[in-house]
1. With labels modelled as points extended 7 Å from the Cα through the Cβ direction, what inter-label distance (nm, one decimal) is found for Ser106 paired with Leu182?
2. Distance between Cα centroids, the stretch 45-88 to the stretch 3-23: provide it in whole Å.
3. On a 0 to 90 degree scale, rounded to 10, what angle separates helix 66-78 from the longest Cα axis of the chain?
4. For Lys91, list the lysines whose Cα falls under 24 Å from its own Cα; do not include residues on the same chain fewer than 8 positions away.
5. Asp79 to Lys14: extension gain in nm, 0.36 nm per residue of separation minus the Cα-Cα distance?
6. Can you work out D for the stretch 7-196 in µm² s⁻¹ from Stokes-Einstein, where Rh is the Kirkwood radius over C-alpha pairs, the temperature is 4 °C and the viscosity is 1.567 mPa s?
7. Could you give me the ³J(HN,Hα) list for the stretch 92-107, computed from phi with Karplus coefficients 6.51, -1.76, 1.60 and θ = phi - 60°, whole Hz, x at Gly and Pro?
8. Ranking Val173, Val149 by Cβ neighbours within 10 Å, fewest first, what do you get?
Amino acid sequence: MFHPIPERILNLMKQMERQDAAERLDGTPRSRRLRQVTPETGRYLALQAAMAPRGKWVEVGTSGGYSTLWLALAAMETDQKVITYDVDPAKIEIARETFRQAGVESWVEPVCADARQQLPALEGISFCFIDTEKELYLDCYELVIPRMVPGGILVADNTISHYEELASFIDHVMQDERVDALAVTIEKGVLLCRKRGKEEKNAPFR
């Protein structure tokens, strides 16, 4: 998966990293920026996805497709496909071109739609990455978890950088007995959740 990353994908990632850094420096409006994860978080996502059980992979918040490229590495390794949602048609078009240039179109399905309208039709989700508008995190989480297979993995981004906006969401997840959750202090912070199976709920230690 990482040994080695295909050159066409690695070069495209580096190009997107430079563009993201430049946009942050020159004051490009937030709505127009790529707003992508860091490379370290991308590697973390790919590893978590590769370790998830079999099932559907979902990403909420495509932007330019940078994080999706990391997930595509895991998808290629495990013969999976990533369904990635974004409501912005312009961002979806940028992402489609990203996937074309990277040669990962067979492992990625970009969808221009509100994920909250699409997720109810999915079952058997085994991996989900949430990186969208912060006020939507809880809605997306509550749509994914009931449709997630036991052992499924959900990762939510920006739990350090946007802690004030996400504090109530983080507290909700930490108290949710359907999952085991951990706040991971990598880069801008992620919340890592594992869906518990029915037999695990309130099971005593042996």
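1. Each label point lies 7 Å from its Cα, and together they span 3.5 nm.
2. Each part's Cα centre sits 17 Å from the other's.
3. That works out to roughly 60 degrees.
4. Cross-link targets: Lys14, Lys56, Lys81, Lys134, Lys188.
5. Numbers: separation 65, 0.36 × 65 = 23.40 nm, distance 2.48 nm.
Extra length from Asp79 to Lys14 when fully extended: 20.9 nm.
6. Details: Rh = 16.4 Å.
My calculation gives 79 µm²/s for D.
7. 3J(HN,Hα) across the stretch 92-107, in whole Hz: 4, 5, 4, 5, 4, 5, 4, 5, 5, 5, 7, x, 10, 4, 6, 10.
8. Values: Val173 24, Val149 18.
Least to most surrounded, the residues fall as Val149, Val173.
Readers should treat all values here as calculations from the given coordinates under stated rules, not as data from a laboratory. Small disclaimer: the values here were computed from a predicted structure and weren't measured. Please note: Cβ atoms are built from the backbone with ideal geometry, for glycine as well, and neighbour counts cover all protein chains shown.
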